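Asks: The structure follows.
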Amino acid sequence: MDRFLVNMAVVRVNWDKKGSDILDNYIPLVHETLGMMTADVFSVDEFKEKFVEIAEFKIPTGAVLSLLKRATNKYQLLEKQPHGIYKIQRDRVKSSNFSTLRDAEQRRYNGLVQKFVNYCKSQHSVDVEEEIASTYFFEVLYDIAPLLFVNLSEAEKIKAAHSDKNKFLVSKFVAYSNKHDQESFESILSFVRGAMLTETFYYSQNATDITNKPLKKVVVYLDTQFLVRVLGFSQRELCIPCEELMEMLKDMGVYTRCFRNTLDELHGIFFAALNQIDQYGRLNPNRPSDVFDYINQNSITPSDLLIIMNSLEEKLNKKGIFVEEKPEIIKAFSLDESALSEKLASVFEHQSEKARAHDIACLQAIFQLREGRKQDYLDRCKAIFITTNAQLARLSTLFFNEQYGHSNASVCMGDHVFSSLVWMKSVKKTAGLPKDRLVANCYSALLPSDSLWSDYISEVNRLKEKGKINEHDYHVLIHSMAARDQLMDQAFSSDDNMFGSVSTILEKAKKIYTEELGTRLEDAEKEVAYQTMKIDKIIDTVSLIVNRIFLVSTIGLWVLLLGYALMYTTPDSISDIWNFDFKSIVFLVLLVVTILNLIFGFKLIDFCKSLASKFGQKTAVKIRHFIDNT
């Protein structure tokens, strides 16, 4: 029986009966990982380290994030905390005993080797050394597992030439155990079941198969911030996921590109940094871990920036990323840029028009390369735009779904989602592990019940009778299930993940909070200064008005007195001056002022201005005192 037919049956039954896809296979390992973590709160990186230790295969950060989302949303094992930290829901975590079961299964399998050696000697008079037998026994048993899938008695029908001594002896041992050794039979049954599940559990589409190579005709275009990180111009923890994705794509031989306008935007970031340093002598980062923050942290000088700016394309080429011009826009394939701009502007309120135009131009270019058609299969989608901006991926996915119909291969995809899909599709997860360990890992994680196994067998027989199912269908089904779930998650959620240990993340969070607080304080101080300036201006205006009113009033009074004095107070004789009545007093005052003006240059206008100024100042002081105490 074809192994892929069994794999197809397993995948279909798991999906139809339990709604489970490939990612759900690893949830038992998530239970085990969470159960072994001492702290209730952890970071993505801390979980990844423990998970790899238990699972015994590498997993990129993007796939880890997908697992954590699945554990949070579908299984409620975790509670997402601010700043990318997760809290374990201990009451939901099951004690899977995965490690204990795995080790017990492997001991059972290893016990088969000694029984096989004894069988060869007693039944066939063949002396086989246990050490030599252990090198091929499980390999052979793994290879014939598809033939034993439905019934171990099929071992009798295995045709193995006597020249293929190892296969012949192992097949005969299986048939013998089925009839005469129940304990060995149970161990072989466990191994066969585990062996048939390994290709689903450790699923990967053969990346070395040239004719069916994953993503062989797809060009991956990268966004500006992805380029920043893959070139290392950001916090190390943020660079690692991008480097992991690039390594997977390189191993698969996938073409990676960026558009010329993306390179221009990247160049513009460093040019802006250079200008800001020249003008102010330092950089003011927009957020922690951005390029400006990296430049500050690494004491990069203006001359360093000039070298970086003039070697960006060369650095990208060394990473396997080449620059392309955007395709010419064909109206028949064109998207509605104004509608997309409106959708982006509604969320990215502080995004510059230039940055938004870049994003729309890149999405338009990908849509042009796809000839204006929605794509349902990642391996045949022609082109895809990968961004670190989860919000951009979310909004663009919603836009294209609304305008052109749901797609399992979005025009724009978040780097973590894409990394997870690439890892599930194409990365071999079994490197370095012997077959008995692989099977023990798989069987202990999945623990298929007899009833579930019967469902698998029934589906295999149904598919076999139906016919016309090939290996390509299997890979399409796997991708469609994985993409459907992850792209739905991308469309209706956004990432706010941070990387590093919990303590590191908390330090970053503290830094962000402090900077936010500092910004708020600075804004508040600016507002206070502005309001104070307005109040001072009002007080100065009031003071000036009082000053002018007092001055005009004083001068007017003197003019009236002068006119009155000239007309009515001039005495008829000198003796009348000393009467000190009203007329004589007014005359004397006028006389004194005149003498002072003649001898000392005393000016009445200056005197009035002085009085008005003092009166205005006192008025301003009283107003300010009133405001301060209100």
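The values are calculated or read from the model by the stated rules, or taken from the named source; none is laboratory data. If you're wondering where the values come from, they're calculated on a predicted model, not measured in any experiment. Please note: Cβ atoms are built from the backbone with ideal geometry, for glycine as well, and neighbour counts cover all protein chains shown. Note: accessible area is taken over every heavy atom of the protein model, side chains too, but ligands, DNA and RNA are not part of it. Shrake-Rupley method; radii C 1.70, N 1.55, O 1.52, S 1.80 Å.
Asks: Taking the Cβ of G194 as the centre, find all other residues whose Cβ is under 13 Å away and add up their charges (Lys, Arg: +1; Asp, Glu: -1). Walk me through the numbers before you get to the answer.
Replies: Values: positive: R102, R108, R193, K435, R437; negative: E105, E186, E199, D436.
Once positives and negatives cancel, what remains is +1.
Asks: Right, here's the next one. So what does R373 come to for accessible area, using a 1.4 Å probe and Å² rounded to 10?
Replies: 140 Å²
Asks: When all protein chains stay in place, what accessible area (Å², nearest 10, 1.4 Å probe) is found for S451?
Replies: For S451, the solvent-accessible surface is approximately 80 Å².
Asks: Please list T135, T262, T38 from largest to smallest accessible area, probe radius 1.4 Å, with all protein chains kept in place. Numbers along the way, then the final one.
Replies: Working: T135 95, T262 0, T38 140 Å².
Largest to smallest exposure gives the sequence T38, T135, T262.
Asks: Continuing with the same structure: Take the alpha-carbon centre of the range 388-431, take the same for the range 262-295, and report the distance between them in whole Å.
Replies: 29 Å
Asks: Within 10 Å of each candidate Cβ there may be at most 12 other Cβ atoms; applying that plus a DSSP loop requirement, which GluC sites (Glu not before Pro) in the range 280-337 survive? All intermediate terms of the calculation are to be shown ahead of the outcome.
Replies: Numbers: sites: E313, E314, E324, E325, E328, E337; in loops: E325, E328.
Listed in order of number, the matching sites are E325, E328.
Asks: Largest first, what is the accessible-area ranking of K537, K18, K167 with a 1.4 Å probe?
Replies: K537, K18, K167
Asks: Any of K50/K374; K94/K464; K69/K94; K18/K250 with alpha carbons more than 28 Å apart? Name them for me. Don't jump to the answer; show the numbers that get you there.
Replies: Working: K50/K374 39 Å; K94/K464 37 Å; K69/K94 18 Å; K18/K250 35 Å.
Check vs 28 Å cut-off fails for K50/K374; K94/K464; K18/K250.
Asks: Name the long-range amide H neighbours of L222: under 5 Å, sequence gap of 5 or more, or other chain; modelled H, no Pro or chain starts.
Replies: The list, which skips near neighbours in sequence, is R257, C258, F259, I386.
Asks: Post the alpha-carbon centroid distance, the range 80-123 to the range 124-140, in whole angstrom.
Replies: Computed from Cα coordinates, the inter-centre distance equals 24 Å.
Asks: Summing Lys, Arg as +1 and Asp, Glu as -1, what charge do residues with Cβ under 9 Å from the Cβ of E324 carry, E324 excluded?
Replies: Details: positive: R257, R260, K326; negative: E325.
Charge balance near E324 sits at +2.
Asks: A further question follows. Taking a 1.4 Å probe, which of T532, T200 shows the most accessible area, and what order do the others take after it?
Replies: Result of the area sort, largest leading: T532, T200.
Asks: Something else: Just read off the accessible area of I132 with the full protein assembly in place, 1.4 Å probe, to the nearest 10 Å².
Replies: 90 Å²
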